[in-house]
Amino acid sequence: MERRQLEYFIAIVEHGGFTAAAKALHVAQPSLSRSIGKLEHELGVTLFHRVGRHAVLSTAGEALADRARLVLRDLDALRAAAGAIGDGAAGRVDVAATSSSGLEPVTSVIAELARRHPGVTVSTSSAMSAAEVVAMVLQGRCEVGVCGSAERPSGQGLVTHHLRDEEFLLVVPPGALDVPGPSVSPEVLRGMRFVVTKPATAVRALFDRLAATVGDMTIAAEAGDRGVVLPMVLKGIGAGLMPDGWSDLAVRAGADVYRFDPPERLPQWLVHRGGPVTAATRAFIDTTLGTAQAGQDSMAARSESLRSTQNSLPSGSARTAQPDPSGFR
């Protein structure tokens, strides 16, 4: 079995047929067909059923696809580990991320990687849920995943790191709410209309839970693309629930943003397979963990500074910290 055979096999799977795969690989289709025929002979199984001009994965082909991706990832890791000695991290890392995680921390990590490791290229793939992120990593479609999940992600051979607890915010058109301060209680949501994402997302799970407990919360629109939720909110279609990674963007766009009291939070995770990884993947993992630790240290320092300020006030003085002008921290 040769690496090229596995690459051809995966290309046929991902491009949906021999013709499209041959075009993408810049090889002659007869050469591609012969290579797959040889692979099928060596394995003793049929990988594709030829139905007219189409190729449909057989049961054996479906079982081989995930394993072939993992083998190719491991070969890349071995080659990169040898090539990185003395040269620093370089190469490409494929990252699966849910919408909010793709915004933060992935955007900040990519910016930091560009500064520290300019030879590393990050390719991101969008996922609807934490379960989809985990599946993409375990199947070898991506090397690393970042997602929010109430439960610690798990899977055979999966390594999981807790990054932080992202906070969910209420986003409304400017002037839509007449409430004092930067925080609201869930009861404020009663009678409001909302732009929501489709089921299986963390934001939709939060909306469904609040709707069940608060009551009288109406869905005005359901967005398949989470990137259009904020524009819909600004058009006055309804309010939105968004992770804190969207806070700066929402403020710059002109929306009013409120925290919940008590806060609504969701753990955020970094996941990857155990075993050897490429130098680029290791750089992404280390940078992500370092960014998360820096954020925790900064938050602890702000809390300590606030406690020191409060303790230094004269007895009887107001000890309420002034809210951040943006209303997010």
Please compute, for the alpha-carbon atoms of segment 140-204, the extent along each of the three principal axes and give them in descending order in Å. 50, 24, 19
Which of the lysines could a cross-linker bridge to Lys38, judged by Cα under 30 Å and excluding same-chain residues fewer than eight apart? Lys23
For segment 177-242, treating each Cα as an identical point scatterer without solvent, what Debye log10 I(q)/I(0) comes out at q = 0.12, 0.15, 0.29 1/Å? -0.28, -0.45, -1.37
So how do 197-207, 23-33, 110-120 stack up, highest first, on mean other-Cβ count within 10 Å? 197-207, 110-120, 23-33
In percent, what relative contact order does segment 75-223 have, based on Cα pairs under 8 Å that are 6 or more apart in sequence? 20
If you rank Leu43, Leu78 by how much accessible surface each has, with a 1.4 Å probe, what is the order from largest down? Leu78, Leu43
Each label point is 7 Å from the Cα along the Cα-to-Cβ direction; what then is the distance between the points at Arg3 and Asp66, in nm? 2.5
Kindly provide the Kirkwood hydrodynamic radius of segment 166-213 in Å, to one decimal, from all pairs of distinct alpha carbon atoms. 12.1
Kirkwood estimate for segment 62-221, i.e. one over the average of 1/r between Cα atoms, Å: 18.6
Let me know the volume per residue of the alpha-carbon convex hull for segment 195-287, in Å³. 153
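The values are calculated or read from the model by the stated rules, or taken from the named source; none is laboratory data. What you see is a predicted model, and the numbers here were worked out from it, not measured in a lab. Using ideal geometry, Cβ is built from the backbone for each residue, glycine included, and neighbour counts are taken over all protein chains shown. These accessible areas exclude ligands, DNA and RNA; they are computed on the full protein's heavy atoms, side chains included. Shrake-Rupley method; radii C 1.70, N 1.55, O 1.52, S 1.80 Å.
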